[in-house]
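Take a look at the structure below.
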Amino acid sequence: MKYILAVLFLVSSAKVFAADLCDYEKQFDSLPEISEETFKAFLYSGQNVDQILISKKKRHIYLFSGKNVVKSFVTAFGDPNGPKHFDGDMKTPEGVYYIDSKNPRSAFHLSLHISYPNAADIAYAKKFGKSPGGDIMIHGFPKDPFARGFVEQAHPLDWTRGCVAVTDPEIEQIYAIVPKQTPVTICPL
C-alpha cells in the first residue's frame, strides 16, 4: 500500500511540476546562455540531468539539474501542431512522460525512448477505435546514408515521424547525462 501511495504521489507531483515547467518556459527568453565551460564541467562531473523539458514553441530541448537549465539544444519534431493522438499521425506528443530505455544500436545515432503512450493517450485513442502509436524517441540523425543526406539538409526543420531530433554530437551529450526514468515534459506550441 505504501508503494502504491508513493507512486501516486510521484505521478501527481510530476504532473504539477510539468505544468509549472510549461509556465516556466515563458521566462526562457530572459535566461542567460549557459557557457560551454559550465556545461563541460557538468558533463565531466558525473552528475546527471533530473528533468527534461521539450518546448515545441521555443523549438528546444532543455536539460535540468534541479531548477537550473544545464544545456539546451535546437530540435526538430514531427508535426508540432497539437498533440499526438493516433498511430501514423506524424505528431509529436504533449504531456508528461519519462525516459524508459536507451538504445545505443538504434536506427538513429543513439536514442532515448520516451514512455508515450501514457494511460490518457491510450484511453483517448481507444475512444476512437484507434491505436495511439508509440516508438517516440529523442534521437540523432538516421544511420541510413540516403535518409541522413536528406536530414542533414532539412534539420532543424521538422523531419521526424513524431520524435524529437537533435544532431549526432548533441545526442551523444544528452545520452551521456540522461538516465532512465528521467521525467520528460513536452509543452505545446
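The values are calculated or read from the model by the stated rules, or taken from the named source; none is laboratory data. Nothing here was measured: the structure is a model prediction, and the numbers come from that model. All Cβ positions, glycine included, derive from the backbone under ideal geometry; neighbour counts span all protein chains shown. Quick note on the areas: whole protein, heavy atoms, side chains included, nothing else; ligands and nucleic acids left out. Shrake-Rupley method; radii C 1.70, N 1.55, O 1.52, S 1.80 Å.
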| Mind checking which residues of region 96-107 are farther than 20 Å from residue 50 by Cβ and open to solvent by less than 50 Å² (accessible area, probe 1.4 Å)? | 106
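Hey, can you tell me all the residues within region 35-55 that are open to solvent by less than 70 Å² (accessible area, probe 1.4 Å) and under 21 Å from residue 100 (Cα atoms)? Please lay out each step first, then the result.
At the first step, the residues of region 35-55 found to be open to solvent by less than 70 Å² (accessible area, probe 1.4 Å) are 35, 39, 41-43, 45-46, 49, 51-55.
The answer is 46, 49, 51, 52, 53, 54, 55.
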| request: Would you confirm whether any residue within region 135-145 is at pLDDT 95 or above and closer than 16 Å to residue 89 by Cβ? | output: yes
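I'd like to verify a number: residues in region 48-58 that are within 11 Å of the chain's Cα centre (by Cα) and assigned to a loop (DSSP other than H, G, I, E, B), how many?
So the count comes out to 1.
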| request: Determine which member of the set 116, 124, 98, 62 is out of contact with any strand residue (DSSP E or B) (no Cβ under 7 Å at 6 or more places or on another chain) and touching a residue at least 12 places away in the same chain (Cβ under 8 Å). | output: 124
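Among the residues of region 149-162, is any open to solvent by 70 Å² or more (accessible area, probe 1.4 Å), assigned to a loop (DSSP other than H, G, I, E, B) and closer than 13 Å to residue 75 by Cβ? Before the answer, list the steps.
First, pick out the residues of region 149-162 that are open to solvent by 70 Å² or more (accessible area, probe 1.4 Å): 150, 152-153, 157, 161.
Applying the additional criterion that residues be assigned to a loop (DSSP other than H, G, I, E, B) yields 157, 161.
After this cut, where a residue has to be closer than 13 Å to residue 75 by Cβ as well, the list is 157.
Yes, region 149-162 contains a residue that is open to solvent by 70 Å² or more (accessible area, probe 1.4 Å), assigned to a loop (DSSP other than H, G, I, E, B) and closer than 13 Å to residue 75 by Cβ.
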| field | Filter result for residue 185 (more than 22 Å from residue 42 (Cβ to Cβ), under 13 Å from the mean Cα position of the chain (by Cα), surrounded by 21 or more Cβ atoms within 10 Å (Cβ to Cβ) and polar (S, T, N, Q)) | value | no
| task | Using the structure shown, decide if residue 132 is assigned to a loop (DSSP other than H, G, I, E, B) and either among the β-branched types (Val, Ile, Thr) or open to solvent by 10 Å² or more (accessible area, probe 1.4 Å) (or both). | result | yes
| query | Which residues, counting only those in region 108-128, are under 29 Å from residue 173 (Cα atoms) and either in contact with a helix residue (DSSP H, G or I) (Cβ under 9 Å, 6 or more places away or on another chain) or in a helix (DSSP H, G or I) (or both)? | reply | 108, 109, 110, 111, 112, 117
| query | In region 108-124, is there at least one residue being surrounded by fewer than 18 Cβ atoms within 10 Å (Cβ to Cβ) and within 16 Å of residue 167 (Cβ to Cβ)? | reply | no
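Taking region 136-148 as the search range and keeping residues that are within 16 Å of residue 76 (Cα to Cα) and not aromatic (Phe, Trp, Tyr), which one is most open to solvent (accessible area, probe 1.4 Å)? Steps first, please.
Of all residues in region 136-148, those within 16 Å of residue 76 (Cα to Cα) come to 136-142, 147-148.
Filter once more, keeping what is not aromatic (Phe, Trp, Tyr): 136-140, 142, 147-148.
Working: 136: 4, 137: 24, 138: 0, 139: 2, 140: 0, 142: 11, 147: 33, 148: 64 Å².
Here the residue is 148.
Please specify each residue of region 59-71 satisfying the condition of being within 18 Å of residue 114 (Cβ to Cβ) and open to solvent by 30 Å² or more (accessible area, probe 1.4 Å). First the steps, then the outcome.
Residues of region 59-71 within 18 Å of residue 114 (Cβ to Cβ): 59-64.
Answer for region 59-71, where residues must be within 18 Å of residue 114 (Cβ to Cβ) and open to solvent by 30 Å² or more (accessible area, probe 1.4 Å): 59, 60.
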| request: Might you let me know whether region 165-187 holds any residue that is assigned to a strand (DSSP E or B), under 23 Å from residue 60 (Cβ atoms), among the β-branched types (Val, Ile, Thr) and touching a Pro at 6+ places or on another chain (Cβ under 6 Å)? | output: yes
| Restricting the search to region 72-82, which residues are under 14 Å from the mean Cα position of the chain (by Cα) and open to solvent by less than 40 Å² (accessible area, probe 1.4 Å)? | 72, 73, 75, 76, 77, 78, 80
